[in-house]
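*Asks:* Dumping the structure here so I can ask a few things about it.
The values are calculated or read from the model by the stated rules, or taken from the named source; none is laboratory data. Source: prediction; values computed, not measured. Here the Cβ positions follow ideal geometry from the backbone for every residue, glycine too, while neighbour counts run over all protein chains shown. Areas reflect the complete protein model, heavy atoms only, side chains present, ligands, DNA and RNA absent. Shrake-Rupley method; radii C 1.70, N 1.55, O 1.52, S 1.80 Å.
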Amino acid sequence: MKTKARIFAASIALLLFATNSNAQDSFFDGDSSSGFDSFEGSSSSIPVEFSGTLKADGRAYLDKDVDGKDTGFEAKNLKDYRHIPTDADVSAKLGIKYSGNKADAEAKLLFQKDIIKDHPFDVIDELTLSGYMGNFTLNAGKMKITWGKGDKLHVLDNFNADDYTDFIIPDYLDRRISTPMAQAIYAPAYSNGVISNIRVEAVYTPFLPTDRFANEGYWVPGQVGALKSTVTDIVSTNLASKLAAKDALASSTPTTGYIAAEKSYLEYLTYANSLMDDPESLYPDTNTLKYSQFGTRVTATLKQFDIGASYYYGHFKQPTVDLSSYYADSMAIAANSAFLSNYGAAIQSGAVTKEDAIKAFAIQSGTELSLPELHYDRKQTFGLEASTILWHFNLRGEAAFNLTEDTKGDNPWVHNNSVAWLAGFDIDLPFANMNVNIQETGSLTLNYNKVKDGSFKEFDADYNAGHATNNRLVANITTSFMNEKLSPEVTLMYGIERGDFVVMPKIVYKPVPDLSLTASGMYINCKDEESEFYAWENNSFVQLGARVEF
């Protein structure tokens, strides 16, 4: 609570300072040149700009019942629509920007219910301090940077993590999580008939931001739900084994021994409850220098081509689960002679599964099973990027080679080396202000079949429904009418190997320049349980929203 209070106090103080300072004569007398005309009697101008966005959205899930359960809901009459669950969200983003002679500063504050409650540090959505020293620029703060030539899709953009708590519905930059970092840019004033716009960039972050996923609600990924179930199951088994050992001790040892067992049991009970309520406590702490990130990038214009090369040293943003210790404990139990004599016949006859028998024996014998271990695999990414204009087509592409610590590909608990790519184009059509944007992004896992059956292949970190490749085709079509007051848009995404299909239509109406009224929705269709978005197949929705910018 103290941390939240400090962040809110700092945010409010910053806003009060800005509002108080801005309440000088020039802000209200119609002079919009800088937002300030004078400050404490000085005639010098202070170039400060203020901006903001206020949003309100309401959503109705069409395939849910009133309790949020998947039903494949189909309304038979108007009364049935009363049972559709709804959700609403409001947010405010406030921006303050100072532009000086040799230095700039910009802050963006984001006020949203989940951010305030769960991630108060991110009330400061971005804070960037910039200094200009000739051809050198230094940026530092809590920042978002984008590497690569893709349009809202990238395979080279590694520094910032993503917030998937609302799936992929927010815009790409809105999903990105800002992180403290330093960025140095050198842009020499060199140009000739072949090469120009040279830019050399270096970035460092002291720790690793990781992707966020919902732990409850409609957008919990299947992997997160499975992990939580596994952890809860193991913890429950261990807790039962502790209780069984305590009861056995009570009947055979003096009171002092029982007291010690009681203390051990209560300590484990507290630990178990903590894990079952918050499995994320198993995750490693990435706020250490061990998880720092570094990268360099060089871009330039080569005649009509914008090209670039980059190097990234850091980690994957999503964790890998290591169940080797847990299964080692299970195999040790399975080889125990007492286990075989008690459960061998029942397992062979099919009366009980081997896994259930192992858990039952662990409880009876007071044996603890090791919990899953989670880690963020280290990786290095070597990247190339390019874009150009060919006739009326804007062409773009990215390519990446990801080097990991499992070059042989035979460790199921660590990611293999991989190759990733993106290729696409967009074109403006000569009617209805239409733009068509099509991109294909994919990856190839190297040495994909090195993990054999019986060696935890089903738990392989690179498991992809039996495919070494994973390709997605994304199309976005936009148009506008009524002098751009009415803007329809649709985004289509298709998973080539797994058969996922997502449609996201949207229509924006601007009755006045600063006000946007939006109607949008999403429909998800999956081929089978191996589909990447299967956990969200029944999350189709419609949404209405309003947005004011100033």
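*Asks:* From the list Ala351, Ala346, which one is small (Gly, Ala, Ser), modelled with pLDDT under 95 and not in a helix (DSSP H, G or I)?
*Replies:* Values: Ala346 fails: not in a helix (DSSP H, G or I).
Matching residue, one of Ala351, Ala346: Ala351.
*Asks:* Of all residues in segment 167-190, which are touching a helix residue (DSSP H, G or I) at 6+ places or on another chain (Cβ under 8 Å) and in a loop (DSSP other than H, G, I, E, B)?
*Replies:* Filtering segment 167-190 for residues touching a helix residue (DSSP H, G or I) at 6+ places or on another chain (Cβ under 8 Å) gives 167-168, 177-178.
Within segment 167-190, Phe167, Ile168, Ser178 qualify.
*Asks:* Test of understanding: among Asp125, Asp157, which residue is open to solvent by less than 60 Å² (accessible area, probe 1.4 Å), in a strand (DSSP E or B) and among the acidic types (Asp, Glu)? Give the derivation first.
*Replies:* Working: Asp157 fails: in a strand (DSSP E or B).
After applying the criteria, what remains is Asp125.
*Asks:* Moving on to the next point. Could you tell me whether segment 96-110 includes any residue that is modelled with pLDDT under 90 and assigned to a strand (DSSP E or B)?
*Replies:* no
*Asks:* With (1) over 24 Å from the mean Cα position of the chain (by Cα); (2) closer than 27 Å to Thr210 by Cα; (3) among the charged types (D, E, K, R); (4) open to solvent by less than 40 Å² (accessible area, probe 1.4 Å) as the list, and Asp410 as the residue in question, which single condition is left unmet?
*Replies:* Evaluating Asp410 over (1) over 24 Å from the mean Cα position of the chain (by Cα); (2) closer than 27 Å to Thr210 by Cα; (3) among the charged types (D, E, K, R); (4) open to solvent by less than 40 Å² (accessible area, probe 1.4 Å) leaves (4) as the failure.
*Asks:* With respect to the numbered conditions (1) under 35 Å from the mean Cα position of the chain (by Cα); (2) at pLDDT below 90; (3) open to solvent by 80 Å² or more (accessible area, probe 1.4 Å); (4) not aromatic (Phe, Trp, Tyr), which one is the sole condition not fulfilled by Leu374?
*Replies:* Failing condition for Leu374: (3).
*Asks:* Then there is this: Can you tell me which condition Leu208 does not meet? The list is (1) in contact with a helix residue (DSSP H, G or I) (Cβ under 9 Å, 6 or more places away or on another chain); (2) open to solvent by less than 40 Å² (accessible area, probe 1.4 Å); (3) closer than 20 Å to Ala309 by Cβ, and all the others hold.
*Replies:* Exception for Leu208: condition (3).
*Asks:* Out of all the residues in segment 216-238, which are crowded, with 16+ Cβ neighbours inside 10 Å and either not hydrophobic (A, V, I, L, M, F, W, C) or not in a helix (DSSP H, G or I) (or both)?
*Replies:* Here is the first cut: in segment 216-238, the ones crowded, with 16+ Cβ neighbours inside 10 Å are 218-221, 224, 227-228, 230-231, 234-235, 237-238.
Within segment 216-238, Tyr218, Trp219, Val220, Pro221, Lys228, Thr230, Thr237, Asn238 meet the criteria.
*Asks:* While we're here: Look at Arg199 and say whether it is open to solvent by 30 Å² or more (accessible area, probe 1.4 Å), charged (D, E, K, R) and over 13 Å from the mean Cα position of the chain (by Cα). Lay out the reasoning, then the answer.
*Replies:* Values: open to solvent by 30 Å² or more (accessible area, probe 1.4 Å): yes; charged (D, E, K, R): yes; over 13 Å from the mean Cα position of the chain (by Cα): yes.
It is true that Arg199 is open to solvent by 30 Å² or more (accessible area, probe 1.4 Å), charged (D, E, K, R) and over 13 Å from the mean Cα position of the chain (by Cα).
*Asks:* Going residue by residue through segment 320-332, is there one that turns out to be touching a residue at least 60 places away in the same chain (Cβ under 8 Å), under 22 Å from the mean Cα position of the chain (by Cα) and over 20 Å from Lys228 (Cα atoms)? If you could, list the steps in order and put the result at the bottom.
*Replies:* At the first step, the residues of segment 320-332 found to be touching a residue at least 60 places away in the same chain (Cβ under 8 Å) are 320-324, 326-327.
Those still in the list that are under 22 Å from the mean Cα position of the chain (by Cα) too: 320-322.
Those still in the list that are over 20 Å from Lys228 (Cα atoms) too: none.
No, every residue in segment 320-332 fails to be touching a residue at least 60 places away in the same chain (Cβ under 8 Å), under 22 Å from the mean Cα position of the chain (by Cα) and over 20 Å from Lys228 (Cα atoms).
*Asks:* Still on this structure, I have one more. Looking only at segment 383-418, count how many residues are part of a strand (DSSP E or B), under 17 Å from Lys317 (Cα atoms) and hydrophobic (A, V, I, L, M, F, W, C).
*Replies:* The total comes to 3.
*Asks:* In this structure, does Ala189 turn out to be surrounded by 16 or more Cβ atoms within 10 Å (Cβ to Cβ) and either among the small types (Gly, Ala, Ser) or in contact with a Phe, Trp or Tyr (Cβ under 6 Å, 6 or more places away or on another chain) (or both)?
*Replies:* On the way: surrounded by 16 or more Cβ atoms within 10 Å (Cβ to Cβ): no; either among the small types (Gly, Ala, Ser) or in contact with a Phe, Trp or Tyr (Cβ under 6 Å, 6 or more places away or on another chain) (or both): yes.
Answer is no for this residue.
*Asks:* Separate question: Hey, can you tell me all the residues within segment 447-484 that are within 20 Å of Gln223 (Cβ to Cβ), among the hydroxyl-bearing types (Ser, Thr, Tyr) and either out of contact with any strand residue (DSSP E or B) (no Cβ under 8 Å at 6 or more places or on another chain) or assigned to a helix (DSSP H, G or I) (or both)?
*Replies:* Scanning segment 447-484 gives a single hit, Tyr463.
*Asks:* Considering (1) at pLDDT 95 or above; (2) closer than 30 Å to Asn464 by Cβ; (3) open to solvent by 30 Å² or more (accessible area, probe 1.4 Å), say which one Gly521 fails and leave the rest.
*Replies:* Only one criterion in (1) at pLDDT 95 or above; (2) closer than 30 Å to Asn464 by Cβ; (3) open to solvent by 30 Å² or more (accessible area, probe 1.4 Å) is unmet by Gly521, namely (3).
*Asks:* Among the numbered conditions (1) more than 21 Å from Gly397 (Cα to Cα); (2) modelled with pLDDT of 95 or more; (3) among the polar types (S, T, N, Q), tell me where Asn437 comes up short.
*Replies:* (1)
*Asks:* Scan Thr353, Thr404 and give me the residue that is among the hydroxyl-bearing types (Ser, Thr, Tyr) and open to solvent by 50 Å² or more (accessible area, probe 1.4 Å).
*Replies:* Numbers: Thr404 fails: open to solvent by 50 Å² or more (accessible area, probe 1.4 Å).
On inspection, the qualifying residue turns out to be Thr353.
*Asks:* Check off (1) farther than 25 Å from Tyr376 by Cα; (2) among the hydroxyl-bearing types (Ser, Thr, Tyr); (3) free of Cβ contacts under 8 Å to residues at least 24 places away in the same chain for Tyr172 and give me the number that stays unchecked.
*Replies:* (1)
*Asks:* Pull up segment 131-150, narrow it to residues that are of a type in the set (A, V, I, L, M, F, W, C) and over 20 Å from Pro206 (Cα atoms), then point me to the one that is surrounded by the fewest Cβ atoms within 10 Å (Cβ to Cβ).
*Replies:* In the first step, residues of segment 131-150 are kept if they are of a type in the set (A, V, I, L, M, F, W, C); the result is 133, 136, 138, 140, 143, 145, 147.
Among the residues that remain, those that are also over 20 Å from Pro206 (Cα atoms) are: 133, 136.
Details: Met133: 9, Phe136: 13.
The qualifying residue surrounded by the fewest Cβ atoms within 10 Å (Cβ to Cβ) is Met133.
*Asks:* Okay, moving on. If I ask for residues that are open to solvent by 30 Å² or more (accessible area, probe 1.4 Å) and among the β-branched types (Val, Ile, Thr), which ones from segment 160-186 would you list?
*Replies:* Thr165, Ile168, Ile169
*Asks:* Of the residues that sit in segment 450-464 and are within 30 Å of Gly148 (Cβ to Cβ) and either hydrophobic (A, V, I, L, M, F, W, C) or free of Cβ contacts under 8 Å to residues at least 40 places away in the same chain (or both), which one is surrounded by the most Cβ atoms within 10 Å (Cβ to Cβ)? Don't jump to the end; show me each part of the working.
*Replies:* Residues of segment 450-464 that are within 30 Å of Gly148 (Cβ to Cβ), as a first pass: 450, 460-464.
Next, from what is left, pick out any that are either hydrophobic (A, V, I, L, M, F, W, C) or free of Cβ contacts under 8 Å to residues at least 40 places away in the same chain (or both): 461, 463-464.
Working: Ala461: 21, Tyr463: 14, Asn464: 16.
Here the residue is Ala461.
*Asks:* Need the failing condition index for Gln304 against (1) open to solvent by 40 Å² or more (accessible area, probe 1.4 Å); (2) modelled with pLDDT of 95 or more, just the number.
*Replies:* Just one mismatch for Gln304, condition (2).
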